[in-house]
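Comments concern the structure below.
The values are calculated or read from the model by the stated rules, or taken from the named source; none is laboratory data. Remember, predicted model here, so these are calculated numbers, not experimental data. Note: ideal-geometry Cβ built from the backbone for every residue, glycine included; neighbour counts use all protein chains shown. What goes into the accessible areas is simple: the full protein's heavy atoms, side chains included, and nothing from ligands, DNA or RNA. Shrake-Rupley method; radii C 1.70, N 1.55, O 1.52, S 1.80 Å.
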Amino acid sequence: MEALYHQSNKHVHEVQSHMGHLETADKQSVHLVENEIQARIDQIFSNLERLEILCSKEPPSKRQNAKLRVDQLKYDVQHLQTALRNFQHRRYAREQQDKEREELLTRNYTTNGAQKKILDVANMLGLSNTVMRLIEKRAFQDKAIMIGGMIFTCVVMILVFKYLT
């Protein structure tokens, strides 16, 4: 049991050192390091199953201490497994963000196509560019007159309310 425990503990320390390499690994080798870490974690879990069986076969005086050591090892391995999953999740999110950023950078942005469509329809109807400019100028003038009329009406209403009440 002791040899298997020490072997498993050694694997835990190796996985911890590999987790440090995982942060500095380049994009091509990160998958290889992740796979190796996962394989070692799986091997440690299988060793832990055998250690639990061997723990129950220990003499009663040593059983409690052996079970405590195995539980501590299991706790450490579960934390390593969680750390690996968190790293994979962060890497996946980062890859998604990079992919979305690339899509945004390659997307062609155009101006509002509504005005262009209106001009195309007007040209199909036979209206010249000068007539279209006159229509746009008239629309601007109409908007200015409307806003001026609204302001004038509000001023008249305020004056009537102030002086007649």
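Filter the range 122-138 for residues that are surrounded by 10 or more Cβ atoms within 10 Å (Cβ to Cβ) and aliphatic (A, V, I, L, M) and give the result.
Answer for the range 122-138, where residues must be surrounded by 10 or more Cβ atoms within 10 Å (Cβ to Cβ) and aliphatic (A, V, I, L, M): Ala122, Leu127, Val131, Met132, Leu134, Ile135.
Of everything in the range 96-120 that's β-branched (Val, Ile, Thr) and loosely packed, with under 10 Cβ neighbours inside 10 Å, which residue is modelled with the lowest pLDDT?
Initial filter on the range 96-120 (β-branched (Val, Ile, Thr)): 106, 110-111, 118.
When the remaining residues are screened for being loosely packed, with under 10 Cβ neighbours inside 10 Å, the result is 106, 110-111.
Numbers: Thr106: 84, Thr110: 63, Thr111: 60.
Filtering the range 96-120 for residues that are β-branched (Val, Ile, Thr) and loosely packed, with under 10 Cβ neighbours inside 10 Å, the one modelled with the lowest pLDDT comes out as Thr111.
Within the range 79-95, can one find any residue that is open to solvent by less than 60 Å² (accessible area, probe 1.4 Å) and at pLDDT below 85?
No: the range 79-95 contains no residue that is open to solvent by less than 60 Å² (accessible area, probe 1.4 Å) and at pLDDT below 85.
So which residues in the range 1-36 are of a type in the set (A, V, I, L, M), open to solvent by less than 40 Å² (accessible area, probe 1.4 Å) and under 23 Å from Arg91 (Cα atoms), if there are any at all?
Going residue by residue through the range 1-36, those that are of a type in the set (A, V, I, L, M) are 1, 3-4, 12, 15, 19, 22, 25, 30, 32-33.
From what is left, the residues that are open to solvent by less than 40 Å² (accessible area, probe 1.4 Å) are 4, 12, 15, 19, 22, 25, 30, 33.
Of everything in the range 1-36, those that are of a type in the set (A, V, I, L, M), open to solvent by less than 40 Å² (accessible area, probe 1.4 Å) and under 23 Å from Arg91 (Cα atoms) turn out to be Val12, Val15, Met19, Leu22, Ala25, Val30, Val33.
Kindly state which helices (runs of 4 or more DSSP H) lie completely within the range 27-145 and contain at least 1 residues that are within 21 Å of Met1 (Cα to Cα).
The qualifying helices (runs of 4 or more DSSP H) are 30-56, 60-106.
Before we move on, is Phe161 loosely packed, with under 10 Cβ neighbours inside 10 Å and either part of a helix (DSSP H, G or I) or touching a residue at least 60 places away in the same chain (Cβ under 8 Å) (or both)?
Working: loosely packed, with under 10 Cβ neighbours inside 10 Å: yes; either part of a helix (DSSP H, G or I) or touching a residue at least 60 places away in the same chain (Cβ under 8 Å) (or both): yes.
The answer is yes for Phe161.
Kindly evaluate Glu52 against the criterion of being open to solvent by less than 60 Å² (accessible area, probe 1.4 Å) and out of contact with any Cys (no Cβ under 8 Å at 6 or more places or on another chain). Break it down into steps so the answer makes sense when it comes.
Details: open to solvent by less than 60 Å² (accessible area, probe 1.4 Å): no; out of contact with any Cys (no Cβ under 8 Å at 6 or more places or on another chain): yes.
It is false that Glu52 is open to solvent by less than 60 Å² (accessible area, probe 1.4 Å) and out of contact with any Cys (no Cβ under 8 Å at 6 or more places or on another chain).
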